[in-house]
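Take a look at the structure below.
No value in this document is a laboratory result; all are computed from the given coordinates. In this text the structure is predicted, and so the values were computed from the model without any measurement. Ideal geometry is used to build each Cβ from the backbone, glycine not excepted, and the neighbour counts take in all protein chains shown.
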Amino acid sequence: MEVRSVLLKLLGAEHEQVLLSLYEAEGAETYGSLLRSLSTVLEDNVIPLSLALDQGKGDIKETRKVLFEQGVCKLSHPGGYGGMGLPFGVYALAMELAGAADASTAMSLGIHNTVADAIAQFGSGEQKRLLLPSLLSGEKLAAFALTEPSSGSDARSMRTKATKEGKNYVIQGSKMFITNAGEADVYLVFASTGSGHGAFLVEGSNPGLKVGKELGEKLGMRGSHTAEVRLEKCKVVAEDSLLGNEGLGFEHAKLLLDSSRIVMGMICVGIARTAYGKALAYAKERELFGKKLSDLQLTREKFANSAIDISAARLLCMHASRLKELGLPFTSEAAQGKLFATEMAVRTCDAAVQLLGGYGYTSDDVHRHLRDARLLTIGEGASEVLRMLIASQELEQET
Amino acid sequence: MTASVLSYSENADLAGEVSAAVAEVAKQLGTDVLALELDEISAGLRSSGRVVLVKGDRELEAEADSAAAAIAQVAKAKGFRAILVGETRFGTVVAAKVAARLKVGSLGMGKNLRVEGERLVLERDAYGGKFVARVAVKMPCVAMVQAGAYTAIDGAPGPQETMKVTAGAQKVALVDTRLSQRGATDIKSARIVVSAGRGFAKKEDLALAQDLATALGAALGCSRPLSSDLGWMGEEAHIGLTGAYVHPQLYLAVGISGQLQHVAGIKDSKVIVVINKDGQAPIFQVADYGIVGDLYDVVPALTKILKQS
Amino acid sequence: MNIVVLVKSAVNEAELRADPAGHPVLNGAAMKMSNFDMNGVEEAVRQKEKNGGTVIVMTLGGAEAKKAIREAMAMGGTRAVHIVAEPSDAPDSLGTAYLLAKAIKRIGEVDLVVCSEGASDTYQGQVGAMVAEFLDMPFLAYARKVETVEGKVRCEQGAEKGVRVLEAKLPAVVSVVSEANVPRYPTLLQVMVAGRKAIEDLPLSSLKGADYPETGMEVLDVTLQSANRKKVLFEGSPEEAASKLVEALKQEGVL
């Protein structure tokens, strides 16, 4: 059974409302036309390739290229190195569209852009000059290497070490579940240093960086490439490689994750929106007990719940985005948005499988959304960790 | 004498249909018909009224400009209530130019033309063919008659006269013609039409459709992507709003999803059969009979049964 | 080269709904640049890229037409002219052509006017030819290939039996078919930059002279086409289904 893809253009109306509530009318109109234009491009050039990516038949380079060429990475980076200087919210909404088109591609791009963000925020003039233009254009691909075989949620306990030796650092250790591994031209590797933790830019061609075998049994996000990355006496030149302060790498990481959580949340909103759209279309056609599936009350309840869920998730993420734009603290809000959106996506995609019944269970084109979403309650801050973060912020405010 | 209704088509078959339309309109107006033939009288001309053979200082039907100039001159000289032109690409340009020269309204793609008071009213497809619009325009006017909207009139033409006109300066020159190798049966007049769409994976697979067409004695057409994007078939095979309107007894849509624009071109078919592996394809909404299945299995099976019977 | 490209903001027919009475819900209907016009814009931009010069995007329509203009600008238009029409104006093909021609004349030196084979919503395909008449320019229709060289334009026109190659001196009007090119997707940066470019608004009344042709064209009603087909599906193996189909067709008397 062929399942109709969601017309990305349907998202246009929902996005228009969000834009109007966040920005001045003129800005909202401009951003709206950007997103509409992007929708058309994604619909024509990414969605048709999406199923094949899940089935291991496609090449994520093709779909990523579409997003790079459109300039999705450039949207909210400041001008100067090729950025378009638009509000972060525009990028966030663009990533919802990307997630709705193809989850693996969106995630791959989002993670890549987090590294670009790291360089933009913490890089030296030279590092920015050397790397930002090619990262923003997609000429070069980046990977974010924080997680290790023995430490995910407890990132601070990482074992990878970077030891200063004259003008160099030698990095030793191993990173795990790294998206874009093997494809990336540059890796942002976090390691403990004498004074805390450091973030190091390591070139993919560095002989001390070894990419392990591709993790081939992933439940979802099958379009992207994920593997272990080992640093074996990996020598880097301190001045070129160290990003920001030698002891504050972990603090840098936390700041980066705040923003990337908004993005991951929005990607999940997109995934949920696509699955929901397929369920809607199916319910309007499917007949049972002399009626359409969409006529039955229990179905309608599900749709109402999903509609609210998607909207709430989007708005929660965009709230964090707006706080970020205004220069206000947004750590808890970003965590809330990501937590809610990712759990919502799993809920909504699961409901879609249920609604599509036998076809839901037996079609890659339906259950892949659930499988894709399922990663994101784990990665980029597991739900448990985010709950602890949110709770401690709440309690701090009470005292 | 009361101004007449003029009819024109560069295509002899279509001219017969336009003559039928013109005869109806003239009757409602209580006026007469003038059939315009440019350069020479077509063999087998069917018309109900007088024929005006229009001759110019050079070939008039060589290009739309000269044809339009000729028609406009005749119209001015004779007086006219309406000029009905057969809808082909050439006809569309000619009609538009005639209307602009005579400063009268022009309506395209018309069927069911009638006179209501001082206005000509017709029906035509709108919004991709999803809707039908009834449109009126003040007479005198120009209107295009959709191919297949009328049955060609039966009858020999009436008295004939010749008129001389000036073709005017030649603005567009024909520098080359490249004839296509295709000798497709005319889909517009075929009794049975088989049509291929994107369901076919490659050009070579169209042989399956051709086999089916041969078994049925049918003409082979296609949806727009196959002629325009893919170039697997010529433009003359394209069936749809912006291509040919067909009205066969039997139309088989194979591997066609049924975009509005395509459906617009087939809705006057007597029986529509659809073969498509996607049961949700919109084309099933306009099917009399359908098979939800892989065309690569169904078409050969169908061809085989037809050959046996 | 000064190129004018004519675009129309058309109703997105794929999303157009009908009300219970079968009339199209036009109020608030989604609009877009007419599909075929994208090929026109692409052709105009390509000619600009080859020959240098400007592409002036021109449309006649209400406020909603600005969206179509922005789309065209993002593809590579240099500037835009919007003939602002009120719903009560609603010119027909001839009136539209008259107004467009007037606006084109105001631009001054124009080398090429590009339009498409027809608007996606009304598809009468007359405006291009009529504009050429008002401007007294040659009209090359249904071009699948456009070449400009040494003050001339040469087009390949698809015809029933093959291809006709036409040539005319510039300035000329050319209509292109969708086979002519694949319209580009503008990048987000191009969309943003286009959004900032000024659009010149021309009120319709400023162009309407005493010689404006009043044709009294009126749309009396628009209703949903009814299908009324049998919708009988044959199931089973390909052979079984095909066999049942043949039987049914024999019954219908079409075989």
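Mind grabbing the base-10 log of I(q)/I(0) for segment A:250-398 at q = 0.12, 0.16 Å⁻¹? Debye formula, identical points on the C-alpha positions, no solvent, two decimal places.
Reported log10 I(q)/I(0), two decimals: -0.54, -0.82.
Taking 8 Å as the Cα distance limit and 6 or more residues as the minimum spacing, I'd like the relative contact order of segment B:4-164 as a percentage. Let's see the in-between values first.
Working: 377 pairs, mean separation 50.3, N = 161.
The value is 31 percent.
Would you order A:Asp185, A:Asp154 from fewest to most other beta-carbon atoms within 10 Å of each residue's own beta-carbon? Walk me through the intermediate numbers first.
Values: A:Asp185 16, A:Asp154 10.
Starting with the residue having the fewest Cβ neighbours, the order is A:Asp154, A:Asp185.
How much net charge surrounds A:Val263 when only the other residues with a Cβ under 10 Å from the Cβ of A:Val263 are counted, with Lys and Arg +1 and Asp and Glu -1?
Values: positive: A:Arg261, A:Lys338; negative: A:Glu96, A:Asp117, A:Glu380.
Value of the local net charge: -1.
If the cut-off is 20 Å between C-alpha atoms, which aspartates and glutamates fall inside it for A:Lys57, apart from same-chain ones fewer than 8 positions away?
Reachable aspartates and glutamates: A:Glu2, A:Glu43, A:Asp44, A:Asp102, A:Glu183, A:Glu214, A:Glu217, A:Asp364, A:Asp365, A:Asp372.
Which whole-number percent is the relative contact order of chain C (Cα, under 8 Å, 6+ apart)?
Details: 473 pairs, mean separation 56.6, N = 255.
This gives 22 percent for chain C.
Please find the FRET efficiency linking B:Glu116 to A:Ser151, where r is the Cβ-Cβ separation and R0 is fixed at 60 Å, and quote it to the nearest 0.05. Intermediate values should be presented prior to the final figure.
Numbers: r = 83 Å, r/R0 = 1.38.
After rounding, the FRET efficiency stands at 0.10.
Pick from A:Leu53, A:Leu315, A:Leu219: which is most flexible by mean-square fluctuation in a GNM of chain A where alpha carbon atoms under 10 Å apart are linked?
A:Leu219
PRE reach from A:Arg159 (point 7 Å along Cα→Cβ): which of segment A:222-253 fall under 15 Å by backbone N?
Of the residues in segment A:222-253, A:229-233 have backbone N under 15 Å from the label point off A:Arg159.
Taking the number of other C-beta atoms within 10 Å as the exposure measure, put A:Lys291, B:Lys27 in order starting with the fewest.
Details: A:Lys291 11, B:Lys27 14.
Starting with the residue having the fewest Cβ neighbours, the order is A:Lys291, B:Lys27.
In terms of modelled amide H atoms, which long-range or inter-chain residues lie less than 5 Å from the amide H of A:Leu86?
Here the answer is A:Ser76, A:His77, since their amide H atoms fall under 5 Å of that of A:Leu86.
Tell me, what ³J(HN,Hα) does each residue in segment A:17-23 have, in order and in whole Hz, if you take phi through Karplus 6.51 cos²θ - 1.76 cosθ + 1.60 with θ = phi - 60° and put x for Gly and Pro?
4, 4, 4, 5, 7, 9, 10
In degrees, nearest 10, range 0 to 90: what is the angle between the Cα axis of helix A:297-325 and the longest Cα principal axis of chain A?
The helix A:297-325 is inclined about 30 degrees to chain A.
Can you work out the Karplus-derived ³J(HN,Hα) for every residue in segment C:55-68? Use 6.51 cos²θ - 1.76 cosθ + 1.60 with θ = phi - 60°, whole Hz, and x for glycine or proline.
Calculated HN-Hα couplings, in order: 10, 9, 8, 10, 9, 10, x, x, 4, 5, 5, 4, 4, 5 Hz.
To the nearest 20 debye, what is the magnitude of the charge dipole of the protein assembly as shown about its Cα centre, counting +1 on the Cβ of each Lys and Arg and -1 on the Cβ of each Asp and Glu?
280 debye
Along each of the three principal axes of the Cα atoms of segment B:192-308, give the extent in whole Å, ordering the values from largest to smallest.
For segment B:192-308, the Cα spread along each principal axis is 37, 28, 26 Å.
When averaged across all projection directions, what area in nm² does the alpha-carbon convex hull of the protein assembly as shown cover? Provide the component values of the computation, followed by the final result.
Details: hull surface 175.6 nm².
Result: 43.9 nm².
Which part of segment B:22-46 falls in the paramagnetic zone of B:Leu53, meaning amide N under 19 Å from the point 7 Å along Cα-to-beta-carbon?
The answer is B:34-46, whose backbone nitrogens lie closer than 19 Å to the label point.
Fewest to most neighbouring Cβ within 10 Å: what's the order for B:Ile192, A:Ile119, B:Ile305?
Ordered from fewest to most neighbouring Cβ atoms within 10 Å, B:Ile192, A:Ile119, B:Ile305 come out as B:Ile305, B:Ile192, A:Ile119.
C:Asp201's amide H: which non-local residues (gap 5+, or another chain) put their own amide H closer than 5 Å, with H modeled 1.01 Å from N in plane and none for Pro or chain starts?
Correct list: C:His82.
What is the ratio of the Cα radius of gyration of chain B to 2.2 N^0.38 Å, with N the residue count, to two decimals? Before the final figure, lay out each step's value.
Working: Rg = 21.1 Å, N = 309, 2.2 N^0.38 = 19.4 Å.
Scaled against compact globular proteins, the figure is 1.08.
Can you list residues from other chains, or at least 5 along the same chain, whose modelled amide H is less than 5 Å from the amide H of C:Val113?
Distant-sequence amide H within range of C:Val113: C:Val4, C:Ala172, C:Val173, C:Val174.
Between helix A:25-45 and chain A, what is the angle of the helix's C-alpha long axis to the longest principal axis, kept within 0 to 90° and rounded to the nearest 10?
So the helix axis and the longest Cα principal axis differ by about 80 degrees.
Within segment A:222-239, find all residues whose amide N lies under 11 Å from a label point positioned 7 Å from the Cα of A:Gln172 along Cα-to-beta-carbon.
Residues A:232-234 fall inside that zone.
Tell me the label-point distance for the pair B:Gln308, B:Gln285, using the 7 Å Cα-to-Cβ offset, in nm and rounded to one decimal.
3.7 nm
At q = 0.12 Å⁻¹, what is the base-10 log of I(q)/I(0) for chain C according to the Debye formula with one equal point scatterer per Cα and no solvent? Please give it to two decimals.
Relative scattering, expressed as log10 I(q)/I(0), comes to -0.75.
Which angle between 0 and 90 degrees, to the nearest 10, do you get for helix C:35-51 versus the longest principal axis of chain C when only C-alpha atoms count?
With rounding to tens, the tilt is 40 degrees.
Hey, rough spin-label estimate for A:Glu126 and A:Ala307, points 7 angstrom out along Cα→Cβ, what's it come to in nanometres?
For the pair A:Glu126/A:Ala307, the computed spacing is 5.8 nm.
Compare A:Lys161, A:Lys292, A:Lys278 in a GNM of chain A, Cα atoms joined below 10 Å, and give the one with the largest fluctuation.
A:Lys292
Only helices at least 24 Å long along their own axis, judged from Cα atoms, and with Kyte-Doolittle mean hydropathy of -1.0 or greater: name those in chain B from DSSP H. Could you put the intermediate results ahead of the total?
Details: long enough: B:12-29 (25 Å, 0.66).
Helices meeting the criterion: B:12-29.
So, in Å, what gap is there between the alpha-carbon centers of segment A:330-398 and segment C:180-205?
Here the answer is 39 Å between Cα centres.
Quick one: work out the % antiparallel among DSSP beta bridges in the protein assembly as shown, nearest 5. Working shown, then result.
Values: 73 of 156 bridges.
In the protein assembly as shown, approximately 45 percent of DSSP beta bridges are antiparallel ones.
How far is it, in nm, from the label point at A:Leu20 to the one at A:Glu396 when both lie 7 Å from their Cα along the line to the Cβ?
Reported label-point gap for A:Leu20 and A:Glu396 is 3.8 nm.
Using the Cα centre of the protein assembly as shown as origin and beta-carbon charges of +1 (Lys, Arg) and -1 (Asp, Glu), tell me which of A:Pro87, B:Gly128, A:Ala184 is placed farthest towards the positive end of the dipole.
A:Ala184
Taking chain A as a Gaussian network, where each spring joins two C-alpha atoms under 10 Å apart, which residue of A:Gly173, A:Gly56, A:Gly249 fluctuates the most?
So, out of A:Gly173, A:Gly56, A:Gly249, the one fluctuating most is A:Gly56.
Please figure out what share of the DSSP beta bridges in chain B is antiparallel and state it in percent, rounded to the nearest 5.
On the way: 12 of 59 bridges.
Antiparallel bridges: around 20 percent, rounded to the nearest 5.
Per DSSP H run of at least 4 residues, take -39500 (n - 2.57); add these up for the protein assembly as shown, divide by its residues and hand me the 222 nm value, nearest 500 deg cm²/dmol. Provide the component values of the computation, followed by the final result.
Values: 26 runs with 386 residues, N = 963.
Value at 222 nm, helices only: -13000 deg cm²/dmol.
How large is ³J(HN,Hα), in whole Hz, for each residue of segment A:67-76 in order, when computed from phi with the Karplus curve 6.51 cos²θ - 1.76 cosθ + 1.60 and θ = phi - 60°, using x for Gly and Pro?
Values, residue by residue: 5, 4, 5, 5, x, 4, 5, 7, 3, 10 Hz.
Could you calculate the FRET efficiency of C:Ser237 with A:Leu288 from 1/(1 + (r/R0)^6), where r is the beta carbon distance between them and R0 is 22 Å, rounded to 0.05? Spell out each step's value before the answer.
On the way: r = 26 Å, r/R0 = 1.18.
Efficiency, rounded to the nearest 0.05: 0.25.
Round to the nearest 0.05 the FRET efficiency obtained for A:Lys65 and C:Val193 when R0 = 22 Å and r is the Cβ-Cβ distance.
Working: r = 22 Å, r/R0 = 0.99.
With a Förster radius of 22 Å, E is 0.50.
In whole Å, what is the distance between the alpha-carbon centres of segment B:233-272 and segment B:64-122?
A separation of 27 Å, based on Cα centres.
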